[in-house]
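A.B. asks: Below is the structure I would like to discuss, written out as structure tokens.
Since every read-out is calculated from the coordinates, none of them should be taken as a lab result. Note that the structure is a prediction, hence the values are computed from the model and not measured. Glycine also receives a Cβ, built like all others from the backbone with ideal geometry; neighbour counts cover every protein chain displayed.
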Amino acid sequence: MKQNSMLAMILAGGRGSRLKDLTNKVAKPAVSFGGKYRIIDFPLSNCANSGIDVVGVLTQYESVQLNSYAAAGRNWGLDSRDSGTFILPPREKADEGLKEYRGTADAISENIDFIDNYDPEYILILSGDHIYKMNYSKMLAFHKEHKADATIAVIGVPKKEASRFGIMNTAEDGRIIEFQEKPKQPKSNLASMGIYIFNWKLMRRMLLADMKNENSHHDFGKDFIPTMLKDGKSLYAYKFKGYWKDVGTIDSLWEANMDLLEGGNELDLADPSWRIYTEDAPELPQYIGPEAEVGSAYVTQGCRIEGKVDRCVLFTGTSVGKGAKVTDTVLMPDACVEDGAKVTRALVANGVKIGKGAVVGNAKSEEILLVAEDVPAKE
Amino acid sequence: MARAYGIVAPSGGHMKVEGMDEFRPISAFSFLGRYRIIDFPVSSMSNSGIERIQVYVSQNPRSLAEHLGSGRTYNINSKRGKLQLLFNQDSRVNDVYNTDIKAYADNMDVIERMHQPYVIISPGHMIFTQNYGKLLDEHLQSGADVTIMYHKVNDADVAYRNCSVVNLNRQKGVKSIERNTGTVAERNIFMDTYVMSNELFMKLIHKAREISSVYRLVDIINAQNEALDIRGVQHKGYFAAVTDFKSYFDINMGLLDWNMAQELFRDEWPIYTQTTDSCPARYTPDSSVKNSMVANGCIIEGKVENSILGRGVSIRKGAIVRNCIIMGHAIIDEGVHVENQVVDKWGRVTNIKELVTTPDKPGYVRRNDIL
């Protein structure tokens, strides 16, 4: 067996309730993004591209779709003899029955036996909620170089937004001096990306202690990291530069999709050296009809455009009928805009049908309209 | 379907597509932007529940071997099933001795070891879908020794060059299979598709080798017409045969008609192919695209009409692409006008600003060429 020096655990149990109806039946990591992807494809592909072989996926909220999706490790090339994706929902245990994960750290604590199977030196903790491309092996090299007990990936955010994040105050060499969770008066603009590398031996010991601590929320940001700092452990901030988005709201999800219309966008999904992998759909190439007018658009296979489309992202299996006009809009998988309908500044949820001649959305509205239910035809 | 195994036959030596098969066999030709022609027989076999599939390759195997891989893409069970590539022992191109029978005889040990009692043979250069389970049922019900498939056409005088035609009696018994002479419009085109028992198949291979070294399977079937009960089954639905460069071009173009494409690509009968994990295609505000099929990974900044773009194709600003098949990763540079062309993979049209011919004589830009 190949040496698995670092094992990855993806926290994918959250609902993402600010995504409203989009996450009624699926957890946020399973939400579609960028025409053909799901959000969790990003951390999974990053793991595969960084040479990580074993990835545990911790699921809890509405996990049926997510579990079956993430279990197909072959989609990310994680299916060789010594590699794989492993779905870890809460389970019933002999002495304590079935209990849900109480927090992010608890989800790891409850799966210490899984991790012990692989006897790793390092653990990489990831969130299943973010859109970014990152080489985790570089972060591990940084972690080793600084002989750190833990390394936290951080990104510079605008000062005025810093109070929405966990903020790291660091010394010149990157050592973390102070951690403030959503501070009113942030002392720096380095926000935690929710990406951590820990030394497994130390982490294991600390998790066992945290499990027993009745005052703990069993959360990395609220409890685990502050405890490490208090105990005088050496924690380092690893600065990441590049595209990183937490697509937590309908507006930010729409916006992140729209970013893809720009050729020079930082995410650059076309880069052949760092591909994002996903499930392959057995669909025809996209079909652009004889009367279609396609302006700026990001379109994937299995789409059919017969009407007018401008500044749109079209996901797998979507269709735009004759005479229909779709502008500034994201059509999620299998959404259908029938003949003559007009859709403006909207995000149309999976499988939703906009009936013939219907009009939805408003070019002047500040917020993006989420269309989560079929819209009847209008004669 | 444990009752039958499948064979994708080597395309006969008489089938030659000018320019293109220097690089790969017809079955490996890219098709409609993201497919290869071989995807059609293999997907149909897989969808029919056939678990063991043999693909015979007589020349230039690189492209097919790479594309088919382990067969997992085609939904073949990786333990119970197998997709096997089989080669001729010597594979001189365009040799009259290089027949399908020769390929089977060279691999007789594999054919003998198949434990499925029936074999279904389909060609690698024809495009259609077929439920082979149903075909086998018809074969068994009729009690025939061999069942073959044909497709009724009314343009055999102008198309289907190099195909065979089937003459039937009223009971759908096959009277003869002969070359399409192109003199009659209404014909039953032979689909090079057979069902028979593996036992009979092996007998026919031996017999063919005894009679003549240049015998093909169709020749021995024809010669055995008196001794065997051979029946024809009519195929319904989309059917096309790639017999030359022009037919390859026309068949691709014909599928730009959405209704026709719907006949071939049905939700309940998926056509599988290898994924390359390309990102979606990007259309810039300057682009204009009409009546076209576009594969993922394309970047379109120019004008595209009645065309098929393979994966990762770039159409730069001010370029005009009309009635073209642009294969994977090719580039049509700024201001270039191409019309009625097939641009093979990784080709690049940049210095020649006009590459225009008429639709009856489409042009061809070779793989990796820079113009």
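A.B. asks: State the Kirkwood hydrodynamic radius of chain A in Å, one decimal place, computed from all pairs of distinct Cα atoms.
C.D. replies: Computed over Cα pairs of chain A, the Kirkwood hydrodynamic radius comes out at 22.0 Å.
A.B. asks: Mind listing the long-range amide H neighbours of A:Leu284? Cut-off is under 5 Å, sequence gap 5 or more, other chains count too, H placed in the peptide plane at 1.01 Å from N.
C.D. replies: Correct list: A:Gly302.
A.B. asks: Further question: Please report the antiparallel percentage of the DSSP beta bridges confined to the protein assembly as shown, to the nearest 5.
C.D. replies: 35 percent
A.B. asks: Hey, another quick one. For the protein assembly as shown, what does the equivalent ellipsoid look like in terms of its semi-axes, each the square root of 5 times an eigenvalue of the Cα gyration tensor, given largest first in whole Å?
C.D. replies: Sorted largest first and rounded, they come to 54, 31, 23 Å.
A.B. asks: Take every DSSP beta bridge whose two residues both sit in chain A, then give the antiparallel share in percent to the nearest 5.
C.D. replies: Around 30 percent of the beta bridges assigned by DSSP in chain A are antiparallel ones.
A.B. asks: Follow-up question, since we're still on this one. What's the local net charge at A:Leu269, with K and R +1, D and E -1, over the other residues with C-beta under 11 Å away?
C.D. replies: With Lys, Arg at +1 and Asp, Glu at -1, the net is -2.
A.B. asks: Next up: Going by alpha carbons, how many degrees (0 to 90, nearest 10) lie between the helix axis of A:136-145 and the longest principal axis of chain A?
C.D. replies: Helix A:136-145 sits roughly 20 degrees off the main axis of chain A.
A.B. asks: Shielding of B:263-275 by partners, i.e. mean partner chain Cβ atoms within 10 Å per residue?
C.D. replies: Partner Cβ neighbours, averaged per residue: 2.
A.B. asks: A follow-up question, please. Looking at this model, which pairs from A:Lys322/A:Lys378; A:Lys182/A:Lys233; A:Lys36/A:Lys159; A:Lys147/A:Lys184; A:Lys28/A:Lys222 are more than 27 angstrom apart at the alpha-carbon?
C.D. replies: Pairs exceeding the cut-off: A:Lys36/A:Lys159; A:Lys147/A:Lys184.
A.B. asks: When only alpha-carbon atoms are used, what values of Rg and Dmax, in angstrom, describe region A:253-358?
C.D. replies: Values for region A:253-358 (Cα only, Rg and Dmax): 13.4, 44 Å.
A.B. asks: So, by mean Cβ neighbours within 10 angstrom, what's the order for A:213-226, A:171-184 with the highest one leading?
C.D. replies: Top of the packing list down: A:213-226, A:171-184.
A.B. asks: Kindly count the pairs of lysines across region B:282-365 whose alpha carbons are less than 19 Å apart, treating pairs on different chains or eight or more residues apart as eligible.
C.D. replies: For region B:282-365, the number of qualifying lysine pairs is 5.
A.B. asks: What's the ranking of B:233-239, B:319-325 by average number of surrounding C-beta atoms within 10 Å, highest first?
C.D. replies: B:319-325, B:233-239
A.B. asks: Residues of region A:223-260 with backbone nitrogen within less than 12 Å of a virtual label 7 Å along the Cα-to-Cβ line of A:His146, please, listed as ranges.
C.D. replies: A:234-240
A.B. asks: Would you please give the residues with an amide H less than 5 Å from that of B:Ser164, counting only those at least 5 places away or on a separate chain, with H modeled from the backbone geometry?
C.D. replies: Answer set, sorted by chain and number: B:Asn180, B:Phe190.
A.B. asks: Please pull out the direction-averaged projected area of region A:183-250, using the convex hull of its alpha-carbon atoms, in nm² to one decimal place.
C.D. replies: Convex hull of Cα atoms, orientation-averaged projection: 6.8 nm².
A.B. asks: Once the other residues with Cβ under 14 Å from the Cβ of B:Ala261 are scored (Lys, Arg +1; Asp, Glu -1), what is the net sum?
C.D. replies: Value of the local net charge: -2.
A.B. asks: Taking θ as phi - 60°, what are the ³J(HN,Hα) couplings along region A:215-232 by the Karplus curve (6.51, -1.76, 1.60), each to the nearest whole Hz, with x for Gly and Pro?
C.D. replies: 8, 8, 8, 6, 10, 4, x, 7, 10, 5, 5, x, 5, 4, 5, 4, 7, x
A.B. asks: Could you compute Rg(Cα) / (2.2 N^0.38 Å) for region A:127-256, with N its residue count?
C.D. replies: Computed over Cα atoms of region A:127-256, the ratio equals 1.07.
A.B. asks: Now a separate question. What value does region B:282-365 have for Rg/Rh, both radii from Cα atoms and Rh as Kirkwood defines it?
C.D. replies: Result: Rg/Rh = 0.91.
A.B. asks: Search the structure for amide H atoms under 5 Å from the amide H of A:Val57, placed 1.01 Å from N in the peptide plane, and list their residues when 5 or more places away or on another chain.
C.D. replies: Amide H neighbours of A:Val57, under 5 Å, 5+ apart: A:Ile10, A:Phe86, A:Ile87, A:Leu88.
A.B. asks: Kindly write out, for region B:111-122 in residue order, the coupling ³J(HN,Hα) from the Karplus curve 6.51 cos²θ - 1.76 cosθ + 1.60 (θ = phi - 60°), rounded to whole Hz, with x marking Gly and Pro.
C.D. replies: Using θ = phi - 60°, the values come out as 5, 5, 7, 5, 8, 6, x, 10, 10, 10, 10, 9 Hz.
A.B. asks: Over the whole of B:26-36, what's the average partner chain Cβ count within 10 Å per residue? Rounded to a whole number, please.
C.D. replies: The per-residue average across the peptide is 1.
A.B. asks: Further, regarding this structure: For region A:337-379, report the convex hull volume of the alpha-carbon atoms normalised per residue, in Å³, without decimals.
C.D. replies: Spread over its residues, the Cα hull of region A:337-379 gives 54 Å³ apiece.
A.B. asks: What are the aspartates and glutamates whose alpha-carbon lies under 15 Å from the alpha-carbon of A:Lys99, with same-chain residues fewer than 8 places away excluded?
C.D. replies: A:Glu110
A.B. asks: Enter the mean number of other protein chain beta carbons within 10 Å of the beta carbon of each residue in A:274-280, as an integer.
C.D. replies: Average neighbour count from other chains, rounded to a whole number: 3.
A.B. asks: So how long is each side of region B:98-152 along the principal axes, counting just the alpha-carbon atoms, biggest first, in Å?
C.D. replies: 32, 26, 17
A.B. asks: Taking B:Lys236 as the anchor, which lysines have their alpha carbon closer than 25 Å to its alpha carbon, excluding any fewer than eight residues away along the same chain?
C.D. replies: Correct list for B:Lys236: B:Lys134, B:Lys152, B:Lys172, B:Lys175, B:Lys246.
A.B. asks: In units of 2.2 N^0.38 Å, what is the alpha-carbon radius of gyration of region A:233-277?
C.D. replies: Normalised by 2.2 N^0.38 Å, the Cα Rg of region A:233-277 equals 1.50.
A.B. asks: Over the Cα atoms, compute the radius of gyration (one decimal) and Dmax (the largest Cα-Cα distance, rounded to a whole number) for chain B, in Å.
C.D. replies: Looking at chain B, its Cα Rg and Dmax stand at 21.1, 67 Å.
A.B. asks: Run through every distinct alpha carbon pair of region B:219-322 and return the Kirkwood hydrodynamic radius in angstroms, one decimal place.
C.D. replies: 16.9 Å
A.B. asks: Also, I was wondering about something else. Give me a comma-separated list of calculated 3J(HN,Hα) values for region A:176-183, in order, Karplus coefficients 6.51, -1.76, 1.60 applied at θ = phi - 60°, integers in Hz, x for any Gly or Pro.
C.D. replies: Result, rounded to whole Hz: 7, 9, 8, 10, 10, 7, 6, x.
A.B. asks: A further question follows. To the nearest 10 degrees, how steep is helix A:200-212 against the longest Cα principal axis of chain A, on a 0 to 90 scale?
C.D. replies: The answer is roughly 90 degrees.
A.B. asks: When the helices in the protein assembly as shown are scored as -39500 (n - 2.57) per DSSP H run of 4 or longer and the sum is shared across all residues, what 222 nm value do you end up with, to the nearest 500 deg cm²/dmol?
C.D. replies: Using -39500 (n - 2.57) per qualifying helix, the result is -5500 deg cm²/dmol.
A.B. asks: When ranked by the protection proxy of mean other Cβ atoms within 10 Å per residue, highest first, what sequence do the peptides A:322-332, A:239-249 form?
C.D. replies: Ranked from most to least packed, the peptides come out as A:322-332, A:239-249.
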